[in-house]
1. For the condition in contact with a strand residue (DSSP E or B) (Cβ under 6 Å, 6 or more places away or on another chain) and not polar (S, T, N, Q), what is the one hit in PRO222, PRO182?
2. Does GLU60 fit the bill of being farther than 26 Å from PRO359 by Cα, modelled with pLDDT under 90 and among the acidic types (Asp, Glu)?
3. Considering only residues that are among the hydrophobic types (A, V, I, L, M, F, W, C) and open to solvent by less than 60 Å² (accessible area, probe 1.4 Å), which ones fall in the range 401-420?
4. Listed residues ASN153, ASN186; which is surrounded by fewer than 20 Cβ atoms within 10 Å (Cβ to Cβ) and under 21 Å from SER449 (Cβ atoms)?
5. Within the range 325-368, work out how many residues are exposed (fewer than 13 other Cβ atoms within 10 Å of the Cβ) and farther than 19 Å from ILE269 by Cβ.
6. Taking the condition of being among the small types (Gly, Ala, Ser) and open to solvent by 50 Å² or more (accessible area, probe 1.4 Å), how many residues in the range 486-503 meet it?
7. Of all residues in the range 422-443, which are open to solvent by 60 Å² or more (accessible area, probe 1.4 Å) and closer than 21 Å to THR159 by Cβ?
8. Only one of ASN272, ASN329 is in the same structural domain as VAL223 (by the TED database), out of contact with any His (no Cβ under 6 Å at 6 or more places or on another chain) and not in a loop (DSSP other than H, G, I, E, B). Can you tell me which?
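The values are calculated or read from the model by the stated rules, or taken from the named source; none is laboratory data. Predicted, not measured: the structure shown is a model, and the values here were computed from it. Note that each Cβ is placed from the backbone with ideal geometry, even for glycine, and that neighbours are counted across all protein chains shown. Surface areas here come from the heavy atoms of the whole protein model, side chains and all, with no ligands, DNA or RNA. Shrake-Rupley method; radii C 1.70, N 1.55, O 1.52, S 1.80 Å.
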Amino acid sequence: MPKISVGRDRLFKSLGRTYTEVEFDDFCSAYGLELDEVTTEKAIIRKEKHLGNDDVEGEEEEEVIYKIEIGANRYDLLCFEGLVQALRIFQGLDEIPNYRVSNIPRDSMLKMHVKPETCEIRPYVVCAVLRDITFDEASFKSFIDLQDKLHQNICRRRTLVAIGTHDLDKIEGPFTYEALPPTEINFVPLKQANSFRADELMKFYESDVKLKKFLHIIENSPVFPVIYDHNRTVLSMPPIINGAHSAISLETKNVFIECTATDLTKAKIVLNTMVTMFSVYCERKFEVESVEVISSDGNSSVYPDLSASTMEVPLSKITGRIGVSADANQVISLLNKMQLQAKQSMSSTEECSINVSVPPTRSDILAACDVAEDFAIAYGFNDIPRTTRLVSGKQQTLSQISDSIRLEVAHAGFTEVLTWILCSYKEIFPMLNRKDDKSTAVLIGNPRSADFEVTRTTLMPGLLKTVRENNYHPKPIKIFEVGDVVLLDGMKDVGATNRRHLAALYCDDKSGFEEIHTLVLRIMEIMDKPCVPIGDSTGYYITETNKEDDPEFLQGRKGSITLNGKCVGRFGIVHPEVLSNFDIDFPCSYMELDIEYLIVDLKK
């Protein structure tokens with residue numbers, strides 16, 4: 001889940017009152033959030049740089065920072081402005097904002113012309129303008145931070161969407177969005193004094209800690225995307241860097257925002273989030289200026305679209321899903337607290353329905369179940385009566401064993417994680433140093449996203465990505481997962497089979513191989529599997545893996561687990577190349593077992 005850091009005093013001032021830590025934690029819980037950590041700016045620096053208590057200079061009086069965990073689909077809460085607005089509306093202190101676009105004729109709008117070559121690399125662009133905006137240091141920092149949060153979240157590290165913000169007073173429309181050979185693009189990038197050719201710039205950023213992770217998105221393309229103004233001044237080379245000429249600052253009064261994308265729907269969501277959150281600082285509050293985007297075929301569209309979407313939801317689908325009794329007026333009142341403008345439908349049907357107007361900030365509201373979820377949050381999860389459903393039957397053996405193993409691994413000090421069963425092709429083959437022999441992985445036909453191209457054949461990518469996203473977490477990191485992998489199986493009528501696996505990973509300044517080895521021994525012990533000499537088929541034994549096998553592990557530091565003559569698992573120290581592929585800076589040890597082989601007489 002994403003987290004945002006906000007200053008406690010500034011937050012309390014905006015909310016109109018102060019809270020104790022316990023009171024604010026309860027307040028966050030009431031809105032479906034979590035106060036994850038209370039810290040200070042100096043403490044954050046110490047943790048990130050692994051410094052001692054006396055190694056960070058600064059004032060004695062430190063600002064208290066609240067780290068708040070946000071739902072992954074609530075993009076409107078990823079900045080201070082959105083969080084404060086949501087909490088004030090929840091308290092009944094503010095009305096739901098009326099977002100609108102400026103009433104200017106289409107002929108007077110700024111234009112963005114899209115060239116046909118962009119279809120080869122990044123086909124979509126959407127734009128908007130924030131006029132007469134006033135920043136202070138805090139709001140300007142929040143504006144930049146929101147872009148970073150969106151890039152990491154919905155933008156999928158800029159692969160789907162990249163955001164560019166520019167000082168409109170330094171550039172001149174109309175603008176063009178083009179795709180040119182890198183040798184034909186020259187400009188001064190942000191925070192640099194010299195001009196670079198695009199191919200030279202890519203090499204220059206190979207040593208940049210922040211930007212090098214985005215180079216792969218376009219580096220192998222024959223053309224690079226680039227945005228020019230009327231005077232052929234480069235605004236940006238998405239998704240890598242903006243131009244220095246149009247850089248925004250505290251003094252910027254008019255902000256031009258462009259989002260280039262491979263996914264138009266997500267681009268619209270990102271643009272709407274940016275403009276709605278910061279239109280509060282415009283002279284005309286909550287008003288945004290539109291930009292006309294003219295595609296290469298002559299069709300044009302106007303962005304942003306800030307119109308509210310509407311849906312009619314039967315009252316029973318809201319209260320029935322949650323299991324509470326509430327009349328229409330109570331439901332309407334609670335939905336309004338969640339920024340959903342609701343009123344009773346005037347439908348002629350006998351069943352009572354609620355007409356819900358969804359603002360442009362709430363892209364997470366897609367169906368009746370989402371409305372019911374918001375009602376449940378506002379109603380209070382703790383106030384929903386507990387009920388016990390009568391069920392027949394019993395838990396399957398595989399599920400019973402899985403739960404027992406989960407409990408045992410947790411007792412060993414490991415934290416359970418849950419990751420996607422779908423992943424990208426490169427995550428289970430190239431990034432693990434593996435070759436695809438076409439006999440194991442199930443490929444997804446016409447995947448909607450490069451992140452979900454194939455079903456996982458191992459739990460390893462999910463755990464490595466979890467460590468990557470928590471790189472600054474105090475060490476050691478000890479995590480595990482019990483979940484299914486999917487393998488091709490010609491004996492099955494569907495051509496594939498699910499297998500239940502256990503995986504665990506240890507990450508610290510040292511590899512922790514002995515921690516993983518000990519966990520393997522403990523699992524075999526609780527499953528009542530005796531350790532036997534190599535070659536004996538009455539129990540299990542551990543042998544060193546061949547050099548050609550398991551390239552994800554370090555040679556000489558990997559082993560296979562054989563049970564009743566069948567290889568049921570592997571463990572070892574993760575290869576440094578694999579760690580580098582996943583941007584992990586610390587050594588890791590890993591184990592993975594096929595649980596189904598451990599269960600005696602499973603098929604009886």
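1. After applying the criteria, what remains is PRO182.
2. So GLU60 passes the test.
3. Correct list: ILE401, ILE405, VAL409, ALA410, ALA412, PHE414, VAL417.
4. Matching residue, one of ASN153, ASN186: ASN153.
5. Summing the residues that are exposed (fewer than 13 other Cβ atoms within 10 Å of the Cβ) and farther than 19 Å from ILE269 by Cβ in the range 325-368 gives 9.
6. 1
7. Those that are open to solvent by 60 Å² or more (accessible area, probe 1.4 Å) and closer than 21 Å to THR159 by Cβ: TYR425, LYS426, PRO430, LEU443.
8. ASN272
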